[in-house]
Amino acid sequence: MAGNAKAPRNLIFNADCIDVMRSFDRGSVDMILTDPPYIARYKARDGRTVANDDNARWLCPAFNQMHRVLKEGGFCVSFYGWNKVDLFMDAWRGAGFRIVGHIVFRKSYASSERFLRYEHEQAYLLARGEPTLPARAIPDVLDFPYTGNRLHPTQKPIDALMPLIDAFTKPGDLVLDPFCGSGSTLDAAQRLERDWVGIELNNSHYHTASKRLARPIGRMAA
């Protein structure tokens, strides 16, 4: 990390991520892996929703802070809503991120069906500054096992997240998820012997993630 820059480690905050990140030192995080609201007014079959999924007011301030706390040469992987990609692109570029890759997560099922059967998720690989190339480039198409969304309405499988953390960090590095939900990114980081810090606005999801990360690794839910 840059100089003596510091951020909390192995903690989850139940708060607005913009406020929390403002308390972190500049360049204090090695990698960011996050699944922010898609600005899609998503509603799961059981009625669950995602906080701030009905507006884009948070988008630019949040990515401005992510760019500030990420170390020079660090990577950010951000999921996004495909039909709001223009808003996400503007926020990423406005914050200063370079767009260096695109990742498709292939599903064995359709999450919804309308004009098409939607059988993938997607994320962009963003960089701050000029990063060093990874020792081993991973594919830009990865499998996306089904989680059942038991812990969160848009739960991500750790088996899809671990290759990203493994490729872009080393043991002992700090991985940040400002929209940590049920803690999938934090779970994946801990399994790979990385430190982690999560932020979650929803109190229920905060407690889910806290319980999940407190369990012995061998017993953690996917």
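Gain on full extension, evaluated as 0.36 nm per residue between Glu119 and Ala51 minus their Cα-Cα distance, stands at 22.1 nm. Where only DSSP H runs of four or more residues are counted, the chain gives -8000 deg cm²/dmol as its mean residue ellipticity at 222 nm, each run worth -39500 (n - 2.57). State log₁₀ I(q)/I(0) for segment 11-216 at q = 0.13, 0.15, 0.18 Å⁻¹ as given by the Debye formula over alpha-carbon point scatterers of equal weight, solvent excluded. Ignoring solvent entirely, the Cα scatterers give -0.67, -0.92, -1.43. The amide H of Ile12, built 1.01 Å from its N in the peptide plane, has Gly198 as neighbours under 5 Å, considering only residues 5 or more places off or on other chains. Between Glu72 and Ser210, the modelled labels are 3.8 nm apart [label points 7 Å from Cα along Cα→Cβ].
Computed from phi, the 3J(HN,Hα) profile of segment 176-184 under the Karplus parametrisation 6.51, -1.76, 1.60 (θ = phi - 60°) reads 10, 10, x, 10, 7, x, 7, x, 4 Hz, with x in place of Gly and Pro. Close amide-amide hydrogen proximity is noted between Gln122 and Tyr80, Phe105, each under 5 Å apart and 5 or more residues distant or on a separate chain (H modeled in the peptide plane; Pro and chain starts excluded). Taking the average, over residues, of other Cβ atoms within 10 Å as the packing measure, peptides 116-126, 72-82, 187-197, 133-143 rank 187-197, 72-82, 116-126, 133-143 from highest down. In order along segment 204-213, phi translates into HN-Hα couplings of 5, 5, 4, 5, 4, 5, 4, 5, 4, 6 Hz, rounded to whole numbers, per the Karplus curve 6.51 cos²θ - 1.76 cosθ + 1.60 with θ = phi - 60° and x for Gly and Pro. Between Asn64 and Ala15, the C-beta separation translates, for a Förster distance of 22 Å, into a calculated FRET efficiency of about 0.80. Taking 0.890 mPa s as the viscosity and 25 °C as the temperature, the Stokes-Einstein diffusion coefficient of segment 41-99 based on its alpha-carbon Kirkwood radius rounds to 192 µm²/s. Counting lysine pairs in the chain whose alpha carbons fall under 30 angstrom apart, excluding pairs fewer than 8 residues apart on the same chain, gives 20.
Each value in this text was obtained by applying a stated rule to the coordinates, not by laboratory testing. Since we're looking at a predicted model, the values are computed, not measured. Cβ coordinates were reconstructed from backbone atoms using ideal geometry, including for glycine residues, and neighbour counts include every protein chain displayed.
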